[in-house]
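One structure is given here, and the rest of the page talks about it.
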Amino acid sequence: MSTATPYAPRSMPTGQRNVVRSNDSASLWNCTLSPGWTQDEVQVLRKALMKFGVGNWMKIIESECLPGKTIAQMNLQTQRMLGQQSTAEFNGLHLDAFVIGELNSKKQGPGVKRKNNCIVNTGGKLARDEVVKRQQRHREQYEVKAEVWRAIVLPKPENPLVLLEKKREELKMARLELKEIMKQIEEAKELVDAPELALGTKRVRE
């Protein structure tokens, strides 16, 4: 029996689509991957956004949950998860990006223009007070409870550069061991061939 963590926003308290499951697929949430991202990494970013808030990239980097990922890469993938290009109205909010992405995937109309499945802004830049209003509305409707996001434990995979260096060192040691083994084999062959050479020389003399 599968277990689920209650990440549903307060405005959508029920329903199977409002919880995070480890076997959720990208197609379920209409999420597309940015180049260089795996499904597992997207799930980690999803939880990191819940824990630290959208746009708090340095906290995510410092947590070392996504080693090797840059701010630009995380921002682009977050846009795809949210389903919209502009993320200012979500900055600092602890929310499930897939919930917003699911809502955005259903929006239709002549004013809705998409690129890579993300809604793009076709009007002018939002005024600061409008951004603040939207942030407050999203906070009330979609932000996960503090006790939930504070309890999220993010993985800490080994840095790929460190792992690569370790593999190089292991390969170097393996080559040294192989060289030593080959040397021992040559020495053993010489010991085996020595009596035969000596016997052959004796017969020639006779």
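The values are calculated or read from the model by the stated rules, or taken from the named source; none is laboratory data. Being a predicted model, the structure only gives us computed values, none of them experimental. Heads up, the Cβs are rebuilt from the backbone with ideal geometry, glycines too, and the neighbour counts pull from every protein chain shown. Please note that ligands, DNA and RNA were not included when accessible areas were found on the heavy atoms of the full protein model with its side chains. Shrake-Rupley method; radii C 1.70, N 1.55, O 1.52, S 1.80 Å.
Counting Lys and Arg as +1 and Asp and Glu as -1 over every other residue whose Cβ lies under 11 Å from the Cβ of residue 81, the net charge comes to 0. In terms of distances greater than 20 angstrom between alpha carbons, the cross-link table entries 69/125; 51/145; 47/166; 51/113; 47/156 yield 69/125; 47/166; 51/113. Per residue, the solvent-accessible area of segment 65-135 (1.4 Å probe, heavy atoms of protein chains only, all protein chains present) comes to 51 Å². Less than 5 angstrom separates the built amide H of residue 55 from those of 92, all sequence-distant by 5 or more or on a different chain. Projected over all directions and averaged, the alpha-carbon convex hull of segment 104-143 occupies 3.6 nm². Compared with the rule-of-thumb size 2.2 N^0.38 Å for a compact globular protein, segment 70-140 has a Cα radius of gyration ratio of 1.08.
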